[in-house]
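The next block holds one structure in the form of structure tokens; read it before the comments.
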Amino acid sequence: LMWDCDKELYDAEKHDIASSLQQFRGAFTKGFPWEVLEVSSGPPTVSFTWRHWAHFTGQYMGRQGSGQLIEMYGSAVVELDENNRMISIKIDYKPEEFLKALLGHGLSSETASSHSSCS
């Protein structure tokens, strides 16, 4: 999901799913909840907005967090089959502001929560 990010913020070519999870679990030592905020259409095409958030209590790329709230917002469209199983998903969000906040580039959680489309 972060292939289009600036490599100084997150180099997707250097990570697989396991190393990515390890890196973010290291940053968010108390968990990294994901919640659906609003569902705007129902099956078979389900559209919704979401929030991913946590307190930055661990380390990210050598930077120690101080417990500040880091948030990321986005939206998604899911296609379901006749048994309500997911057959496709499109996720839109802007990870750059979120990653900049982790690196301490002077961004608050409000700035890191701006909506955009990066999939």
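Descriptive notes on the structure:
- Only residues that are open to solvent by 50 Å² or more (accessible area, probe 1.4 Å) and either modelled with pLDDT under 85 or farther than 17 Å from Phe28 by Cα (or both) were counted in the range 89-106, giving 5.
- Taken over the range 55-79, the criterion of being in a strand (DSSP E or B) and open to solvent by 30 Å² or more (accessible area, probe 1.4 Å) is satisfied by His55, Gln59, Arg63, Gln64, Gln68, Leu69, Tyr73, Ser75, Val77, Glu79.
- Pick from the range 34-53, criterion in contact (Cβ under 8 Å) with a residue 12 or more places away in the chain and open to solvent by 60 Å² or more (accessible area, probe 1.4 Å), ranking: farthest from Lys90 (Cα to Cα): Trp53
- Figure legend. Inter-residue proximity from the range 55-77: first residues charged (D, E, K, R), second residues open to solvent by 10 Å² or more (accessible area, probe 1.4 Å), beta-carbon distance below 9 Å, spacing 6+ or different chains. Indicated pairs: Arg63/Leu103; Arg63/Gly104; Glu71/Arg51; Glu71/His52; Glu71/Trp53; Glu71/Ser109; Glu71/Glu110; Glu71/Ser113.
The values are calculated or read from the model by the stated rules, or taken from the named source; none is laboratory data. Note that the coordinates shown come from a computational prediction; the quantities given were computed from them, not determined experimentally. Reconstructed Cβ throughout: ideal geometry from the backbone, glycine too, with neighbour counts over all protein chains shown. Accessible surface is based on the protein model in full, side chains and every heavy atom, while ligands, DNA and RNA are left aside. Shrake-Rupley method; radii C 1.70, N 1.55, O 1.52, S 1.80 Å.
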